[in-house]
Amino acid sequence: MVPRYIRASDKTCYSFALLTMILFWTLLPLKQACAYYAVTLDSGYGLEDTKLWRLNFALGSEKRYPTGNGWYWSRNWEGNFSYWYLQKNIRGEKRLLEVGITPNFRLSRDQRWSWGGRPYLEGGLGIHLLSRIHIGTRNLGSAFQFGTHAGLGVRFGSKEQYDLAWRIEHLSNAGLREPNPGINFTMV
C-alpha cells in the first residue's frame, strides 16, 4: 500500500500559527492569577531526523506539597507551540506545526545547592494538535495526539529566574486511530 499524503496549504499552516498565537495571548492575563509564569524556548531531536523548536508558556502556583525528605511537589500548566522540520528526508512532508497543553508535576529540593541552584524532576501528560499527520514518511495516524514527558533540570539565579532542563517526550494517538507509531523527542 502506497502512503497517501495529506497536504495542507501554506495558508492553512499560517492560519494554524495565527490561532496558536491568539491562544497564547488569551492566556497572558492569567499570569496575574498565578504565582509565577515562565516563557521558554526548547530545541529537540526525534526519530528519522525530525527536529523541533518549541515555545512554552508555563503558569503555576507556589503551593508546595512536602514529601518529608527534603523535597516537595508543585504543579503548573504548560502551553506550547512547536515547529517540526526535516533536513535530510527527500519524501513526504518536511514540516508541521503543533500546539499543546499539559499539566506538569515537579519534584524539587527544599534547599538550594551551595552555588544557588535548585534541582528538580518533572513529568506530565497532555494533549497536542498537529497541523499535519505526516512528517517525512512517518504517518502519525491522527492530528490529535497525547504527549507524555519526563525530565530533570535546575533552577538558578538570584531569584531562580533561570531554568536549564533536559526532557524526553513521547507523542502518540494512544491507539485511537491506526496507524499509531508515535514519535519520541529528546529536548533541552
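FYI, it's all coordinate maths here, none of it is from the lab. Treat the numbers as computed from the prediction; the structure is a model and nothing was measured. Positions of Cβ are generated from backbone atoms using ideal geometry, with glycine treated the same way; all protein chains shown enter the neighbour counts.
Key figures for this structure:
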read-out: Inter-label distance for Arg118 and Thr186, nm, one decimal - labels placed 7 Å from Cα along Cα-to-Cβ; value: 2.8
read-out: Base-10 log of normalised Debye intensity for the stretch 146-188 (one unit scatterer per alpha-carbon) at q = 0.23 Å⁻¹; value: -0.76
read-out: Simple label model, 7 Å out from Cα along Cβ direction - Thr148 to Arg91, nm; value: 3.1
read-out: Inter-probe distance in nm under a simple model that places probes 7 Å from Cα toward Cβ, at Trp73 and Ile168; value: 2.2
read-out: Per-selection Rg to Rh, the stretch 37-188 - Cα, Kirkwood hydrodynamic radius; value: 1.03
read-out: Spatially proximal aspartates and glutamates relative to Lys63 (Cα-Cα < 14 Å; intrachain offsets below 8 disregarded); value: Asp110
read-out: Length gained when the stretch Tyr65-Val39 is fully extended (0.36 nm per residue, less Cα-Cα span); value: 7.0 nm
